[in-house]
Structures are given as structure tokens and as C-alpha cells.
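Before any comments, here is the structure.
What follows draws every value from the coordinates through simple rules; no lab data is involved. Small disclaimer: the values here were computed from a predicted structure and weren't measured. With ideal geometry, Cβ positions are generated from the backbone for all residues, glycine too; neighbour counts draw on all protein chains shown.
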Amino acid sequence: MARHLPDTFAVAPKQPPHQIQPRPHAAVETGLIARMVAIVAVIAGLGLGTLLMLTLAGPAPERLQQDAALAGLVRTMVAIKGLILAAALALVVWRLGRQVSPARLAGYAGTLAVSAAALGWMWSLNAIPVTAPLFYGGLIACYLIAARDRRLLDGRTES
């Protein structure tokens, strides 16, 4: 039976505390900046849509002026579209907590800003045939960007 000497065992030397490198916080800062960009883009889109509503909006269609209940129903539908936009923004903001390319960030922010601008303009009830395709077009484009984003659910699902 062979005897092993204590010197023959390989043990990794411990690093002194001053040599341990702290983890960089660039990813956290980048995620925060990306989230701020998306939120500011949506707020700017809402502002642009409101500005378009105030400058370009004429009177509401005759039917909506005569029937207050119908106007209330249409405004409720616009509010529901706002909830849909908020859900899309929440998903994108959650995604932007991880690294993202500048092109993908611009895509997310731009598509949600278009939808937000259409939503703000839609509140006037006079340009719904123009604003509804813009709203849904922005959401569909955001979906297409998210569908190609491999990091959307990266590490969040179990196989």
C-alpha cells in the first residue's frame, strides 16, 4: 500500500482579498439606459400624437357628435388599446434589463413610439381610419422584432 505525502496533493492557492476583481456594472447601467430610452420614446410618441390631435384634428364625425354613448364606447376602446400598449411596453422594458444591440433598441423604441403617437392622436376620434393602422402596425412591427430576439426569454424558461 502506497503512502501519499501531503505535498503531493494539488491545492489552489487562495487569492488575497485585494486581488479579487469586482464584477463590472456596465450591464446594469446599459439596461437602465435602454429602459429609459424605451420609456422616453413612448412618452414622446404620446406627446407627438397629442400635438397632432390638437393641430390637425377637426371636429369629430357627425355620428359621434350626436351620440354621446357611442363616443364614450369608442373612447373606452381607445383606453383598452392603451392597456395593450402598456403591456407591450412592460414586456419590452423587462427585456431591456439584459444586453441589447443599438439597432434592436431603436426598433423597440421606434415601433412603440409609433403606436403611442397613434394612440394619442386616436383620442380625438376624428382620424381613427388613419390612426388604427398606425397603432396596430407599430405593435406588429414590435412583435416581429421580439420574435427574432433570441434573448427575449434567454435564461427565463426551463427545458
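Please list 96-102, 118-124, 34-40 highest first by mean number of surrounding beta-carbon atoms within 10 Å per residue. Provide the component values of the computation, followed by the final result.
Working: 96-102: 15.1, 118-124: 23.6, 34-40: 17.1.
In descending order of packing, they fall as 118-124, 34-40, 96-102.
Cα centroid separation, the range 108-159 to the range 33-56: 13 Å.
Note on Arg98 and Ala86: the model spin-label points, each 7 Å out from Cα along the C-beta direction, lie 2.7 nm apart.
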